Amino acid sequence: MATATIPEPAPQVRSFLAGKAKKLLIGGEWVDAANGETFETLNPADGSVLAKLAKGGAEDINRAVKAARRTFESGAYHRMSVHERSKLLYRLADAIEANAEQFAQLESLDNGKPVGIARAADVALTVEHFRYYAGWADKVEGEVIAVAPPYDPGRFLNYTLREPVGVVGQIIPWNFPLLMAAWKLGAALATGNCVILKPAEQTPLSAIRLGELFCEVGFPAGVVNIITGYGDAGAALASHPDVDKVAFTGSTEVGKKIVQASAGNLKRVTLELGGKSPNVIFADADLDIAAGAAASAIFFNHGQCCCAGSRLFVEEPIHDELLARVAEIAKGIKLGPGMAPDTQMGPLVSQEQLDRVTGYIKSGLEEGAKAIVGGERAGGDLAKGYFCQPTVFSQVREDMTMVQEEIFGPVVTAFPFKDMDEVAERANRTQYGLAAGVFTKDVSKAHRLAEAIRAGTVWVNCYNMFDAASPFGGFKQSGYGREMGKHALENYTQTKSVWIRTE
């Protein structure tokens, strides 16, 4: 499949990628890994090496935790004027915006996503996210409570303080590297915590560039520490006895390990995990809107979204027509390297992920499902990259492996349904509960199904809508705790009750 001429990365991108291995950010200093090891991050469009990075391990995590603890205990950040803390976050947002093109290209090269999507979604949302939480820094308030203990006739003033948790470990995934860093860091920094950020080994570049900006805009040393490396570094962070809280976004399987690792010091944990989200389309829906949204729900970001609408339920009278429309959209999606201007879908992030997705496709075919479009790894000019065809399956059963398990790729399974009660029960027939979609012109039907579906987010006549002010998170094995909005502030603060006898 031929593609347009791929432009060279911008000079500032080439400069960032050139030279020696990228180092770890610990206590405001860029340092090598303790063991001196490095690893390579690859361009998923062709498997070429983009850069080398320090391969942090348990000792580096320990160094970073100590740096964060020193800074936290010194009060250099959390006792800073809340207005100054707010200004720092605003300056960070401005700096990201000023370097928006560099970030967009780094995300495209490292993750594979189309650079236009990285500009319009990932980077733009990141800027707005930090600005949103900059506005919260001086609005985290306690309260005064009317108290009158029956066993003491005295008068008392009782008030609460909202204080930072302390040292926070944050582990982020590879599907939205920059944006997921922002989701984690915004609320944590607005409330005065110190952080050790562990980006995914597949996509570490934007985190390192972000770390440079943290230093440039004036955050105190040790407030943000960044450790690149593999799963052993993440495990060391989750189990470290001097980490007060760990926040993780990733698979449910790894999330369970995070919970187990956190038990040593009973650290607080928030998890944003996997999904197998139902997307329900009723016969009265606007089919033009519904078909486009159903395709976007599964093919956006190459299906590498925890909330992807991977189970498509279509009311029987329109099932065949709607499915044909989605299949036609899938056929027209232009695959190619993320940096190519005409690319609509880039490669999957890695060979491992390609093998995972194509393995699920193979299992579906072997179990009797029909791929009405796609169903294979992309070949031709794209064979050297990790490209998978957008795939639509029909004639599927709900006991199939690819229906029950999260694929995390551009693969949707479609089912007909008869009525609301039936589809509500089937939509909930999963261990996950992250998101769902509902398409109908009947507002009563929309409200009833939104209430019936057990998921943290329900989109009605739309899909994949996000805003820093709106909370996001899961039910069931999709995790607990919320990202974004005022709700995320609760993850990073603890409440202290103060009693004062006044007479």
Would you please name the residue that is nearest to the chain's Cα centre (by Cα), looking only at residues in region 31-55 that are open to solvent by 80 Å² or more (accessible area, probe 1.4 Å) and in contact (Cβ under 8 Å) with a residue 24 or more places away in the chain?
LYS52
Positions within region 115-162 being among the small types (Gly, Ala, Ser), out of contact with any Leu (no Cβ under 9 Å at 6 or more places or on another chain) and not in a loop (DSSP other than H, G, I, E, B), in sequence order:
GLY116, ALA120, ALA124
Looking at ASP288, ASP284, which one is surrounded by fewer than 18 Cβ atoms within 10 Å (Cβ to Cβ) and either among the aromatic types (Phe, Trp, Tyr) or not in a helix (DSSP H, G or I) (or both)?
ASP284
Determine the pairs where a residue that is farther than 22 Å from GLU503 by Cβ and touching a residue at least 24 places away in the same chain (Cβ under 8 Å), located within region 132-152, has a partner that is open to solvent by 90 Å² or more (accessible area, probe 1.4 Å) and not in a loop (DSSP other than H, G, I, E, B) with Cβ atoms under 7 Å apart, the partner being 6 or more residues away or on another chain.
ALA134/TYR90; ASP138/HIS83
Taking SER108 as the residue in question, decide whether it is among the polar types (S, T, N, Q) and over 25 Å from PRO204 (Cα atoms).
no
Looking only at region 103-135, which residues are closer than 18 Å to GLN304 by Cα, surrounded by fewer than 20 Cβ atoms within 10 Å (Cβ to Cβ) and not hydrophobic (A, V, I, L, M, F, W, C)?
GLY116, ARG119
Condition first: outside any helix (DSSP H, G or I), open to solvent by 10 Å² or more (accessible area, probe 1.4 Å) and of a type in the set (A, V, I, L, M). Can you find one or more residues in region 254-261 that meet it?
no
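With the condition being touching a residue at least 60 places away in the same chain (Cβ under 8 Å), I'd like the strands (runs of 3 or more DSSP E) fully within region 384-503 carrying at least 3 qualifying residues.
Of the strands (runs of 3 or more DSSP E) lying wholly inside region 384-503, those with at least 3 residues that are touching a residue at least 60 places away in the same chain (Cβ under 8 Å) span 391-394, 411-417, 435-439, 493-501.
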Residue in region 178-237 that is nearest to GLN353 (Cα to Cα), counting only those that are surrounded by fewer than 24 Cβ atoms within 10 Å (Cβ to Cβ) and touching a Phe, Trp or Tyr at 6+ places or on another chain (Cβ under 7 Å):
GLN202
Please tell me if ARG268 is of a type in the set (Lys, Arg), modelled with pLDDT of 95 or more and under 21 Å from ASP110 (Cβ atoms).
no
Filter pass, ARG69 being within 16 Å of ALA187 (Cβ to Cβ), in contact (Cβ under 8 Å) with a residue 12 or more places away in the chain, open to solvent by less than 60 Å² (accessible area, probe 1.4 Å) and basic (Lys, Arg)
no
In region 330-349, the residues that are open to solvent by less than 30 Å² (accessible area, probe 1.4 Å) and over 14 Å from PRO410 (Cα atoms)
GLY336, PRO337, GLY338, MET339, ALA340, THR343
Are there any pairs, at least 6 apart or on different chains, whose C-beta atoms fall under 8 Å, with the first in region 169-192 and modelled with pLDDT under 95 and the second in a strand (DSSP E or B) and open to solvent by 10 Å² or more (accessible area, probe 1.4 Å), and if so, which?
none
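The values are calculated or read from the model by the stated rules, or taken from the named source; none is laboratory data. In this text, all values refer to a predicted model and were calculated from it rather than measured experimentally. Here Cβ is always computed from backbone atoms with ideal geometry, including for glycine, and neighbour counts include all displayed protein chains. Side chains are part of the model used for accessible areas, which takes the heavy atoms of the whole protein and leaves out ligands, DNA and RNA. Shrake-Rupley method; radii C 1.70, N 1.55, O 1.52, S 1.80 Å.
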